[in-house]
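Each remark here refers to the structure printed beneath this line.
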Amino acid sequence: MKKRLFANKYGYFDAENGEYVIVRPDTPRPWVNVISNGNYGMVISQAGSGYSWLEHAQLNRITRWDQDLTRDNWGKYIYVRDEEDGRFWSVTPVPAGSGIRGYRCRHGQGYSVISGRRSGIHTTLTVFVDRARQVEVWLLEIENRTDRRRRLSLFTYLEWCLGVAPDSAREFEKLFISTEFDSSKGVLFAEKLRWGIPDPSGRPWARPYEYTGFHAAVPSPVGFDSDQEAFLGRLGELSGPQALKRGSLQGLQGRWTDGVGSLHCRVNLAPGGRKEVVFLLGAASSRREAEEIVTHYRHRGSARRELKLARMDWTQRLGRVRVHTPDPSLDLLVNRWLPYQAISCRLWGRSAYYQTGGAYGYRDQLQDSLAALPLQPELCRDHIRKAAAHQFRDGSTLHWWHPITDDGSKKKNSDDLLWLPFITAQYLKETGETAFLRERVSFYDRGKASIRDHCEAAIGQVLGRLSRRGLPIMIEGDWNDGLSCIGYDGPAESVWLGEFLYAVLVEWIAVLEYAGGRSAEGRITEYRRAAQRLKEAINKHAWDGEWYLRALTSGGVLGSRRSRVAKIFLNSQTWAMLYDVVPADRIGRVRKALAKHLYREYGPLLFTPAFDTPDPGIGHLSQYAPGVRENGGLYTHAGCWAVMAECAAGNGDTAYRIMSSFNPIKRGADPDLYRAEPYVTPGNVDGPESPFFGRGGWTWYTGSAAWLYRAVLDYILGVRPSFHGLEIIPAPPAGWRNYFVARRFRGTDYEINVHVNAKRQGEVRLVIEGEELSGNVIPVRRASGRVRVEAWV
């Protein structure tokens with residue numbers, strides 16, 4: 001029997017295979033998988049619905065999809081038809097699979113499997129994205145579990161988008177779609193004469209779609225169609241298409257149809273017989289490239305081999321960090337699901353059911369790349385380069401930008417630019433590659449500079465716009481996008497941004513001390529003085545008696561005990577703790593205020609009380625219903641910082657309790673309240689002012705996955721990269737006596753056994769390969785094998 005962990009009525013974790021297994025399709029919300037190879041991506045839900053894209057999920061959507069999380073009835077589907085009696089069904093619960101028995105959906109890293117049986121026919125559909133090619137593969141295994149011969153037909157159905165999504169003006173958009181079936185190759189091609197983005201010269205309506213969509217089957221199909229009405233019938237529905245009733249497709253193609261794709265294959269099965277059919281869907285730069293992809297998959301066993309390689313790719317990537325702790329939910333999250341979510345969805349796919357996205361957020365993917373650092377640091381390095389290339393010469397940046405067009409928004413969020421030096425510092429601590437600082441990258445507007453100069457331009461831009469009190473000007477909001485109107489009616493100062501700037505200065509001083517180089521000493525002196533002045537200003541002007549204010553605006557203060565709503569904010573307390581902005585004589589009061597006001601049963605609230613009426617001086621945050629998203633709920637991203645802050649303050653029990661309160665696996669024990677997938681983090685959880693207190697939402701597409709990964713690995717388990725080695729600074733909860741961390745660091749694999757003394761004195765003793773060392777730093781070693789470490793803490 002496979003080991004089942006954290007089972008609820010909808011599913012469980014398969015610890016042996018690293019999968020989440022869903023046992024019934026009516027989950028409280030779509031429970032999905034986001035699969036991407038860094039260029040091509042797809043989302044599939046437990047119902048079998050979803051969509052596909054290439055490079056950008058909104059500008060280059062391959063298939064149509066409607067964001068309806070209740071019905072979840074848009075996707076790419078396969079039907080089975082019994083040719084003896086004309087009965088038909090879909091191999092997935094949607095759109096026509098209500099009679100399926102023995103249903104299972106298994107979401108894994110880089111693939112999903114949906115299986116079940118009907119009328120004696122068992123089907124197993126495995127979907128995955130090729131590791132390198134621009135194609136997704138639907139591997140359908142069909143088994144006859146009856147004692148008679150069966151004649152079956154398979155029909156696929158999808159709707160082409162081929163460009164900007166959503167294509168709500170479908171009657172217009174379909175005029176530009178052209179389809180053609182190549183019977184000699186068994187491939188249905190789809191092209192579009194108009195792409196809804198300007199051409200390189202800026203002309204609208206003049207850019208043809210630059211890819212060729214293709215849909216193929218192995219073995220070759222016996223029929224095809226490209227017309228929706230021909231497939232569905234007048235007033236038809238996907239639950240009962242006319243083509244399935246008829247048992248054939250009409251072979252319509254060209255520029256005069258409704259731009260769908262359907263293939264028809266025949267399968268004959270002896271009693272007990274089993275066969276595989278492979279369907280392909282993709283987009284290529286030319287027909288020739290598409291034909292090469294199809295030809296590759298026509299070779300016997302190719303689909304199985306590519307599936308094995310795709311799975312192995314993820315196993316190897318994620319296997320560079322392994323933990324074993326007394327809490328198996330942490331092991332599941334750290335060893336598999338958190339880094340997979342951060343890389344496959346956030347860094348590569350940038351799309352999911354709650355937010356189809358597609359763009360790069362300047363601050364967003366920089367933070368997401370933190371999850372890649374211990375596993376594949378070049379992913380972080382490459383994204384730092386991308387971010388630097390979208391910075392202006394004055395240090396300011398785009399707020400987000402679109403791949404493909406490379407245009408973006410220069411919304412003046414005051415924190416975006418600082419994430420470049422902050423993440424670069426983390427990259428350097430992980431790799432020690434100081435030469436990276438000298439690498440030259442172009443600015444978005446003009447000129448070229450080193451990575452170091454890019455980072456210092458960002459720091460200089462923020463230092464150059466301090467208020468008369470010495471606090472950073474907020475401009476049009478900071479990390480919290482919902483504070484979107486602060487600063488419009490007059491200057492506003494962000495306390496949190498001051499704390500974050502202080503953190504960046506501390507981190508960058510350490511970079512310069514380690515790397516040295518041109519004028520390093522002068523910069524160090526400048527930044528130390530700036531940091532000291534900033535710390536003094538925060539403690540002088542932003543202390544409210546029991547906690548720190550969030551902002552000072554032309555309309556008054558935000559986050560004060562004297563306020564009716566929004567009295568206390570989480571981030572301005574946690575970042576004060578993380579980098580020792582708060583003096584020792586105040587930290588007790590800050591922790592007491594957090595425990596009293598913000599630490600709730602389903603995670604730390606972003607602030608409280610929630611806004612109950614819109615405030616035009618605040619922004620769209622106040623327009624959310626009370627308790628929803630940033631308006632008085634858990635914003636999971638910020639909740640991770642609370643875990644880190646409590647660890648930094650030496651409060652391991654509190655940190656673990658906070659983390660457990662929003663740990664998605666533990667929240668999944670009450671799935672009908674929580675609703676969200678238990679295997680990935682949600683962006684938010686409703687707060688106490690919501691009638692659905694504890695309800696999760698906005699899953700997958702959230703920066704919290706990377707931060708929770710690092711909060712557990714670096715802070716609770718306390719194995720943290722530094723310039724001179726791996727620091728051991730653990731903050732485990734009471735009751736833990738041992739745990740294990742295997743981690744690659746600068747090319748060497750370390751296996752670290754941590755032994756926890758019940759009467760911890762804060763001292764660390766290290767024994768490395770039998771040799772005892774003083775201090776708490778495992779020095780960098782160049783070793784071909786594994787380095788074994790025993791740590792007593």
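The values are calculated or read from the model by the stated rules, or taken from the named source; none is laboratory data. What you see is a predicted model; the values in this text were computed from it and never measured. Cβ coordinates were reconstructed from backbone atoms using ideal geometry, including for glycine residues, and neighbour counts include every protein chain displayed. These area figures cover heavy atoms from the full protein model, side chains too; ligands, DNA and RNA do not enter into them. Shrake-Rupley method; radii C 1.70, N 1.55, O 1.52, S 1.80 Å.
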Checklist line | Packing-based ranking, highest mean first, of 766-777, 118-129, 237-248, 378-389 given that Cβ atoms within 10 Å are counted | finding: 118-129, 378-389, 237-248, 766-777
Notebook entry, point to check: Which of the lysines could a cross-linker span from Lys192 if the Cα-Cα distance has to be under 28 Å and same-chain partners fewer than 8 positions apart are dropped?
Noted result: Lys76, Lys174
Item checked: 0 to 90° range, to nearest 10: angle between helix 584-593 axis and the chain longest Cα axis -> 40 degrees
Notebook entry, point to check: For labels at Lys592 and Arg440 in the simple 7 Å Cα→Cβ model, what's the distance in nm?
Noted result: 5.8 nm
Margin query: Cβ neighbours within 10 Å, averaged per peptide: list 501-508, 365-372 in order, most packed at the top.
Written below: 365-372, 501-508
Margin query: If I stretch the segment between Trp205 and Asp26 completely, what's the gain in nm (0.36 nm per residue apart, minus their alpha carbon distance), one decimal?
Written below: 60.2 nm
Checklist line | Per residue solvent-accessible surface (Å²) - the stretch 120-270, probe of 1.4 Å | finding: 41 Å²
Item checked: Lys, Arg +1 and Asp, Glu -1 on Cβ, resulting dipole of the stretch 370-523 about Cα centre, debye, nearest 20 -> 460 debye
Next item on the list: Just the number, please: carbon plus sulfur as a percent of the accessible area of the chain, 1.4 Å probe, no ligands or DNA/RNA counted.
Entry: 47 percent
Note to self: At 1.4 Å probe size, what's the solvent-accessible area of Cys485? Round to the nearest 10 Å².
What the structure shows: 40 Å²
Next item on the list: Quick one: angle between helix 520-541 and the longest Cα principal axis of the chain, in degrees between 0 and 90, rounded to 10, please.
Entry: 80 degrees
Margin query: What is the distance in Å between the Cα centroid of the stretch 573-614 and that of the stretch 123-161?
Written below: 51 Å
Next item on the list: Sum -39500 (n - 2.57) across every DSSP H segment of at least 4 residues in the chain, then divide by the residue count to get the 222 nm mean residue ellipticity, nearest 500.
Entry: -7000 deg cm²/dmol
Check: Roughly how many debye, to the nearest 20, is the charge dipole of the stretch 1-76 about its Cα centre, given +1 on each Lys and Arg Cβ, -1 on each Asp and Glu Cβ, and no other charges?
Finding: 200 debye
Check: So what is the accessible area of the stretch 668-793 per residue, in Å², with the probe set to 1.4 Å?
Finding: 38 Å²
Notebook entry, point to check: Could you give the distance between the Cα centres of the stretch 432-483 and the stretch 773-789, to the whole Å?
Noted result: 35 Å
Note to self: Can you tell me how the stretch 573-632 classifies by the Cα gyration tensor, rounded, prolate or oblate, using a/c under 1.5 as the rounded cut?
What the structure shows: prolate
Notebook entry, point to check: In degrees, nearest 10, range 0 to 90: what is the angle between the Cα axis of helix 302-318 and the longest Cα principal axis of the chain?
Noted result: 10 degrees
Item checked: Three-way shape call for the stretch 344-434 based on the alpha-carbon gyration tensor, with the a/c threshold at 1.5 -> oblate
Next item on the list: Please sort by residue number the chymotrypsin sites (Phe, Trp or Tyr not before Pro) in the stretch 191-278 whose DSSP state is loop and whose Cβ has at most 10 other Cβ atoms within 10 Å.
Entry: Trp205
Next item on the list: Of the listed values (i) 47.5, 164; (ii) 29.5, 114; (iii) 27.5, 86, grab the one calculated as Rg and Dmax of the Cα atoms in Å from the structure here.
Entry: (iii)
Next item on the list: Go through 514-525, 630-641, 302-313 and give me the packing order, highest mean Cβ count within 10 Å leading.
Entry: 630-641, 302-313, 514-525
Check: Hey, got the dipole for the stretch 376-433? About the Cα centre, +1 on K and R Cβ, -1 on D and E Cβ, debye to the nearest 20?
Finding: 160 debye
Next item on the list: For the stretch 502-637, just say rounded, prolate or oblate: build the C-alpha gyration tensor, square-root its eigenvalues into a ≥ b ≥ c, call rounded for a/c under 1.5, and beyond that prolate if a/b exceeds b/c, oblate if not.
Entry: prolate
Note to self: Accessible area per residue for the stretch 297-444 in Å², computed with a 1.4 Å probe and the full protein assembly in place, what is it?
What the structure shows: 32 Å²
Next item on the list: Rounded to whole Hz and in sequence order, give me ³J(HN,Hα) for the stretch 678-684 from the Karplus expression 6.51 cos²θ - 1.76 cosθ + 1.60, θ = phi - 60°, writing x for Gly and Pro.
Entry: x, 9, 9, 7, x, x, 7
Item checked: Relative contact order [Cα under 8 Å, 6+ residues apart], the chain, whole percent -> 10 percent
Check: If you take all C-alpha pairs in the stretch 73-179, what percent of them are over 24 Å apart?
Finding: 38 percent
